[in-house]
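Working notes for the structure below.
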Amino acid sequence: MELTFIGLIQIAIGTLIVLVGSVRSAVIFLVVSALFDGSAAIALPELGGSSIPPVQFALLFTTLRIIAPRGGYLGYLPAAIAENKWIVFFAIYGVVAAYLAPRMFGTSIEVFPMRPELGMGPFDTIPLVPSPQNLTAAFYLIGTLLLAISSYIFCRMPQGGAALVAALLIASWLHIATGVIDLATRGTAAEVILSIFRNGGYTPLDLSISGFIRIRGVLPETSSYAGLGFALFVANAELWYRSIRSRTTGLAASALALLLVLSTASTAYVALAAYVLFLVFRAMLFPGAAPRGKLLRATYLAAAIGFLIALLMALVPRLPFAVYELVLDMTVAKPATDSGQQRLFWALQGWDTFLASYGLGIGPGSFRSSSMLTAILGSMGVVGAVTFVMYCKKVFAASRQSTWGEAASPLLSVSGALGTAALICLVPAAIASPHAVPPALFSIMAGAAIALRSEMVLPTRNEAMPRRPFRWPPERPSEEVPAE
């Protein structure tokens with residue numbers, strides 16, 4: 001086990017949060033840590049090159065903050081588990097399956113592993129056996145559960161929702177900044193500024209395509225950068241749609257949308273198309289749900305981005321042909337490429353292993369997929385699929401007004417925005433994730449959405465925990481329970 005410089009920085013920040021940290025500082029710590037998905041806080045070479053990412057390491061300190069005797073958070077724990085019971089079942093079954101399933105079905109099923117052996121071809125398979133990746137996947141599933149519970153508990157505290165909105169805005173601009181720095185420094189000596197953060201043991205892929213530089217920020221590949229950026233984009237767009245800090249969330253959403261278009265990631269294009277379809281569906285189904293003028297402004301923004309791209313193409317004669325080749329490579333021609341065929345092969349492994357395991361699954365970490373959905377189906381079977389769908393249903397809450405537009409109170413509007421963003425941010429994982437573990441931002445936003453729409457009041461230190469008015473901008477953060 002090797003502690004990296006990122007882990008050392010997190011220890012310093014995490015210790016301060018445990019000792020004197022506020023709700024705001026803990027939430028920002030978690031969300032910003034999620035940006036470094038391709039980094040390692042702790043390297044685990046003895047587990048086949050696995051690592052503990054920063055967001056999982058940050059959970060250690062936020063969990064200690066929650067269970068601290070005088071922290072004021074522990075009273076929310078029973079409700080957090082009860083309200084997030086479906087992700088609890090999902091994680092527990094996944095951990096059990098990660099240990100038992102490879103031993104139950106070992107050698108009777110052949111798979112393409114998460115970490116292929118030297119000399120393996122793109123379509124080669126090996127007999128299923130227990131591996132360090134099963135242990136890693138089980139650890140990540142525990143992290144998924146703790147992220148949802150931690151986010152729920154923090155957002156049940158006064159001003160917890162405001163703190164999460166602020167954290168998402170900070171993370172959005174940091175993500176944008178890393179993308180811009182990556183573009184500006186690519187191929188120069190200054191490129192090392194971001195490369196030191198790519199210490200998670202992942203292989204950098206496709207640094208350019210059709211002559212275009214692919215944006216990846218501090219992450220190892222463009223697809224990961226686009227997936228994370230899309231989650232932040234949807235969160236900001238949904239907050240803007242409900243008039244929560246409209247200027248800042250709208251500006252962040254616009255900048256992220258432009259960056260996603262320029263990222264050259266097919267994941268980004270498919271995800272953006274899915275979100276546009278959702279917007280059209282919502283506008284047709286609930287035309288009065290959006291605040292006045294929101295849909296028109298969104299149309300103007302899309303037209304402005306299109307105009308800027310068209311102007312750039314007119315100024316650079318070669319650009320239209322290059323863009324045409326890029327779009328062709330990343331969309332229509334993609335399935336015919338070796339990469340596209342390999343991803344299809346990986347995705348079909350989920351269905352094959354689902355059938356071969358009689359619907360039980362062969363355990364998280366047992367095989368590589370190219371879709372989180374087929375990874376869940378193949379590794380966790382019926383139980384994993386049903387519990388995850390039920391949790392998404394709980395998070396989205398389709399019957400609530402706040403899911404489709406502005407609600408009666410800002411608190412409910414934030415819950416609706418985060419619930420919607422949590423569900424839609426799964427699109428990149430559904431088409432590109434190699435494993436069954438949901439993204440960290442999904443867990444954070446999902447737990448927060450459930451917490452902010454909760455009407456329960458839990459006892460703390462033998463008295464009721466009052467709920468304070470939700471104001472924008474928030475007042476000075478406070479965690480103290482006022483005397484009655």
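Below, the figures for the structure above:
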| item | result |
| --- | --- |
| Complete set of residues in segment 234-256 that are of a type in the set (A, V, I, L, M) and within 22 Å of S415 (Cα to Cα) | V234, A235, A237, L239, I244, L251, A252, A253, L256 |
| Members of segment 306-318 found to be of a type in the set (A, V, I, L, M, F, W, C), surrounded by fewer than 14 Cβ atoms within 10 Å (Cβ to Cβ) and modelled with pLDDT under 75, listed by number | L308, A310, L311, L312, A314, L315, V316 |
| Test: residue in segment 66-80 that is closer than 21 Å to A137 by Cα and surrounded by 24 or more Cβ atoms within 10 Å (Cβ to Cβ) | no |
| Segments classed as helices (runs of 4 or more DSSP H), wholly inside segment 1-108, with at least 2 members that are within 25 Å of R453 (Cβ to Cβ) and either at pLDDT below 95 or of a type in the set (A, V, I, L, M, F, W, C) (or both) | 23-33, 54-67, 77-83, 85-104 |
| Leading residue by the ranking (modelled with the highest pLDDT) among those in segment 343-373 that are out of contact with any helix residue (DSSP H, G or I) (no Cβ under 8 Å at 6 or more places or on another chain) and within 16 Å of I126 (Cβ to Cβ) | A356 |
| Tally of residues being hydrophobic (A, V, I, L, M, F, W, C) and more than 19 Å from G161 (Cα to Cα) across segment 27-59 | 12 |
| Count - residues of segment 242-300 that are modelled with pLDDT of 90 or more, outside any helix (DSSP H, G or I) and of a type in the set (K, R) | 2 |
| Filter result for the condition that a residue is buried (at least 21 other Cβ atoms within 10 Å of the Cβ), under 18 Å from A407 (Cα atoms) and under 16 Å from the mean Cα position of the chain (by Cα), over A231, A237, A271, A226 | A237 |
| Answer from L251, L296, L256, L260 - the residue that is in contact with a Gly (Cβ under 7 Å, 6 or more places away or on another chain) and free of Cβ contacts under 8 Å to residues at least 40 places away in the same chain | L260 |
| Given (1) modelled with pLDDT under 90; (2) touching a Lys or Arg at 6+ places or on another chain (Cβ under 9 Å), number of the condition S415 does not satisfy | (1) |
| From S210, S172, residue being modelled with pLDDT of 95 or more, of a type in the set (S, T, Y) and within 18 Å of L260 (Cβ to Cβ) | S172 |
| Condition broken by V427, with the remaining ones in (1) crowded, with 24+ Cβ neighbours inside 10 Å; (2) part of a helix (DSSP H, G or I); (3) of a type in the set (V, I, T) satisfied | (1) |
| Residues (touching a strand residue (DSSP E or B) at 6+ places or on another chain (Cβ under 8 Å) and closer than 29 Å to A235 by Cα) located in segment 43-73 | S51, I52, F57, G72 |
| Selection status of A432, at pLDDT 90 or above, small (G, A, S) and either buried (at least 24 other Cβ atoms within 10 Å of the Cβ) or within 30 Å of G361 (Cα to Cα) (or both) | no |
| Checking L60 against (1) within 20 Å of the chain's Cα centre (by Cα); (2) surrounded by 20 or more Cβ atoms within 10 Å (Cβ to Cβ); (3) of a type in the set (A, V, I, L, M, F, W, C), the condition it does not meet | (2) |
| Any hit, segment 80-87, residues being more than 27 Å from Q341 (Cα to Cα), out of contact with any Ser or Thr (no Cβ under 6 Å at 6 or more places or on another chain) and of a type in the set (D, E) | yes |
| Near pairs, Cβ below 6 angstrom, 6+ apart or cross-chain, from segment 175-202 (at pLDDT 80 or above) to any residue that is among the acidic types (D, E) and loosely packed, with under 15 Cβ neighbours inside 10 Å | T185/E191 |
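The values are calculated or read from the model by the stated rules, or taken from the named source; none is laboratory data. This is a predicted model, so every value here is computed, not measured. Neighbour counts are summed over all protein chains in view; Cβ atoms, including those assigned to glycine, are modelled from backbone coordinates with ideal geometry.
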